[in-house]
Structure formats: C-alpha cells, structure tokens
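**Q** Shown below is the structure under consideration.
The values are calculated or read from the model by the stated rules, or taken from the named source; none is laboratory data. In this text the structure is predicted, and so the values were computed from the model without any measurement. To get the accessible areas, we keep the full protein, side chains included, count just its heavy atoms, and leave off ligands, DNA and RNA. Shrake-Rupley method; radii C 1.70, N 1.55, O 1.52, S 1.80 Å.
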Amino acid sequence: MKNNSFSENLKDLRLEKGIGQVELANMIGVSKGIISLWENGKREPTLSSLIALAKVFDVSLDVLVGMD
C-alpha cells in the first residue's frame, strides 16, 4: 500500500477485504455514516476506533494512518 491518507487507506483496505461500509461499521460498533465520513475525510476516528480498524484489517496503526 502506498503512503496515502487515512481516508484513502481505510477505503482501500475495506475494498481489498470485500467488506461493505455497513458490515465494517457493525464490526467496530459505529454507524455506517461514520465510516462514510471517515472515508471522505470529513471526520477522524477516535483512538479506540483506529485500534479496532487496525485489528479488523490486521495492519499497524502506522500503516492505517499513512505513516508507514
């Protein structure tokens, strides 16, 4: 994965895993609208949400937020 922003990385990882926004939202306990806001760069997740996302996608936080 190239050095993208969090929003780009989130969408790329979700699509690579074949997970829809609703499914991902249910997996980490947020609304589908929140996933959409994150992917569009309109909101940023809490640390606990970032950790949950990293676990779902089996990546480090650095990779998830584009610092790798």
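**Q** State which residue is most open to solvent (accessible area, probe 1.4 Å) when the search covers only the range 15-48 and only residues that are part of a helix (DSSP H, G or I) and among the small types (Gly, Ala, Ser). Quick ask: steps written out before the conclusion?
**A** Step one: list which residues in the range 15-48 are part of a helix (DSSP H, G or I), which gives 15-17, 21-28, 32-39, 47-48.
In the following step, the residues that additionally are among the small types (Gly, Ala, Ser) were identified as 25, 33, 36, 48.
Numbers: 25: 2, 33: 36, 36: 31, 48: 83 Å².
Filtering the range 15-48 for residues that are part of a helix (DSSP H, G or I) and among the small types (Gly, Ala, Ser), the one most open to solvent (accessible area, probe 1.4 Å) comes out as 48.
**Q** Next question, about the same structure. Among the residues of the range 49-68, write down those that are open to solvent by 60 Å² or more (accessible area, probe 1.4 Å) and assigned to a helix (DSSP H, G or I).
**A** 51, 55, 61, 62, listed by residue number.
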